Amino acid sequence: MKDREFYSKLFRLTLPISVQSLMLASVAAADTFMLGHVEQNMMSAVSLATQVQFIQNMIIFAAVGASSILGAQYWGKNDRRAVNDVFCLSLKVCGFVSFVFFVLCVFCPQVLMAIFTNDAELNAIGCSYLRIAGWSYLLTGFIECYLTVMKISDKAKPSACISSVTVILNIVLNAIFIFGLIGFSPMGVQGAALATLISRIVEFLWAVIISLRKDFVSPDAKSLLSMNKGLAVDFAKCAFPLLGAGLLWGLGFTSYTAFMGHLGQAATASNSIAAVVRDLVCCACNGIASAAGIIVGNELGAGNLERGRLYGIRLAKISFVLGISSTVMMFALTPLVVHFIKLSQEAHGLLIGMMCIMAVYMIGRCVNTVIINGIFAAGGDTLFDMYSLAVCMWGIAVPLAWFGTFVFHWHVLVIYACTCLDEVGKIPWVLHHFRRYKWVKDLTRQNT
């Protein structure tokens, strides 16, 4: 605790990134609470429909994750040219992914919704949401690239400001369009989708304009039209394991949502709310994980391997403190959430049980997020995440939940508990791998 420089940098990075994460999670919370106030099926359908963007984000985050890993190390090495090349490479990859999901959501929404529910009413409502929201998915990849390069280049505050203001805009527009305020007709789920689209356009334009400032990193035409082969190889080495892990994790969580969707409307509604609360509580965890990746990555890229190892050990200890605090917070929030959400009696009981199960889950979620997504990723140790997800999620949690849903017909809460096993169960494995220090590695090239 005497190292003021370390904790000062950790605080400077964690606070804006956590606020940004909180504001982004608030959009989902606003959609859930506002639509839940109108009708339970609207809330459930939008929760299922946004799983499409969840999968898109998993792919995009692999690209921006790779750019963050390499960018943080090259920024610590003070190689600005390499940072720009990595930024442009991520723009091209994310732009392609965003275009594919835009086409699927706008032109084939029925096929996508059929994956998550067999309820005709929920399918129809979800399709009406995706046809509008799909246009915003076209911009998602570009926005994430711009915000990521701001974080790694000591511009975390402007990045958080852009996200926070546009999230507030999104929430305000949600209220106007969903409920029909200030002269507008009530639009329900279509209003929520339109609010998302408008706020995304504003966020994209703002990010592009601010990046044109002299002290910001902005893409240049030469890097966009050419390819730095050496950095492209390093980018792929980081991105493909992240993509594998992201798809395993994203498809796993999507499977969990699909299981709940097949257990009835009450299970779907209670799971939607529990997921929103989980994402809100995880904001501090996500902020520290991102800050850990930048802080440790800066030291490793600068060649300070021993200091990077020391910082990683400190951050691992902090992750446990954060996990226990998140558990206490989840228990404290349970009566408040249950009181303010309008649900059927069955869904009300399920929500209480899910919140209690989620409280225990939070310890594993916080520890694993900080260590795997922050510390391991900082040194390019991205394969471990994919292996651990393949074993713990797809080898244990998903099969148990599937059998419980379709074969043994277990109680909803038992199935829900199965979906939370992976994070808690892999903590010993994560700590064993941490102590091997394979993540203490300088990934930079001498000549980029």
Checklist line | Residues satisfying the stated conditions in the stretch 330-347, i.e. open to solvent by less than 70 Å² (accessible area, probe 1.4 Å) and within 18 Å of residue 417 (Cα to Cα) | finding: 330, 334, 347
Margin query: Restricting to the stretch 348-358, and then to whatever is farther than 13 Å from residue 269 by Cβ and crowded, with 20+ Cβ neighbours inside 10 Å, can you tell me which residue is nearest to the chain's Cα centre (by Cα)?
Written below: 358
Note to self: Anything in the stretch 310-361 that is among the β-branched types (Val, Ile, Thr) and touching a residue at least 40 places away in the same chain (Cβ under 8 Å)? List them, or say none.
What the structure shows: 318, 337, 341, 357, 360
Next item on the list: Could you check how many residues of the stretch 405-448 are open to solvent by less than 50 Å² (accessible area, probe 1.4 Å), at pLDDT below 90 and assigned to a helix (DSSP H, G or I)?
Entry: 4
Next item on the list: Among the candidates 83, 27, single out the residue that is modelled with pLDDT of 75 or more, open to solvent by less than 30 Å² (accessible area, probe 1.4 Å), among the β-branched types (Val, Ile, Thr) and in contact with a helix residue (DSSP H, G or I) (Cβ under 8 Å, 6 or more places away or on another chain).
Entry: 83
Next item on the list: Restrict the check to the stretch 160-177 and report whether at least one residue is in contact with a helix residue (DSSP H, G or I) (Cβ under 8 Å, 6 or more places away or on another chain) and outside any helix (DSSP H, G or I).
Entry: no
Margin query: Just to be sure I understand the filter: pairs with C-beta atoms under 9 Å, separated by 6 or more residues or on different chains, first member in the stretch 411-438 and farther than 21 Å from residue 285 by Cβ and in contact (Cβ under 8 Å) with a residue 40 or more places away in the chain, second member hydrophobic (A, V, I, L, M, F, W, C) and assigned to a loop (DSSP other than H, G, I, E, B). Which pairs pass?
Written below: 412/263; 415/263
Notebook entry, point to check: Taking the stretch 363-389 as the region of interest, how many residues are more than 19 Å from residue 436 (Cβ to Cβ) and surrounded by fewer than 20 Cβ atoms within 10 Å (Cβ to Cβ)?
Noted result: 0
Next item on the list: Look through 156, 175, 193 and report the one residue that is closer than 27 Å to residue 289 by Cβ and touching a residue at least 12 places away in the same chain (Cβ under 8 Å).
Entry: 156
Margin query: Of all residues being modelled with pLDDT of 90 or more and over 18 Å from residue 98 (Cβ atoms) in the stretch 188-212, which is surrounded by the most Cβ atoms within 10 Å (Cβ to Cβ)? Just the residue, please.
Written below: 210
Notebook entry, point to check: Between residues in the stretch 96-109 that are within 16 Å of residue 197 (Cβ to Cβ) and residues that are among the hydroxyl-bearing types (Ser, Thr, Tyr) and surrounded by fewer than 17 Cβ atoms within 10 Å (Cβ to Cβ), which pairs lie under 9 Å by C-beta distance while being six or more apart or on different chains?
Noted result: none
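Please pick out the residue among 312, 323 that is part of a helix (DSSP H, G or I), farther than 24 Å from residue 273 by Cα, open to solvent by less than 10 Å² (accessible area, probe 1.4 Å) and modelled with pLDDT of 90 or more. Lay out the reasoning, then the answer.
Working: 323 fails: farther than 24 Å from residue 273 by Cα.
Testing whether each residue is part of a helix (DSSP H, G or I), farther than 24 Å from residue 273 by Cα, open to solvent by less than 10 Å² (accessible area, probe 1.4 Å) and modelled with pLDDT of 90 or more leaves just 312.
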Next item on the list: Can you tell me which residue among 145, 161, 127 is hydrophobic (A, V, I, L, M, F, W, C) and open to solvent by 10 Å² or more (accessible area, probe 1.4 Å)?
Entry: 161
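The values are calculated or read from the model by the stated rules, or taken from the named source; none is laboratory data. As the structure is a computational prediction, the values presented were derived from the model and not from experiment. Heads up, the Cβs are rebuilt from the backbone with ideal geometry, glycines too, and the neighbour counts pull from every protein chain shown. These area figures cover heavy atoms from the full protein model, side chains too; ligands, DNA and RNA do not enter into them. Shrake-Rupley method; radii C 1.70, N 1.55, O 1.52, S 1.80 Å.
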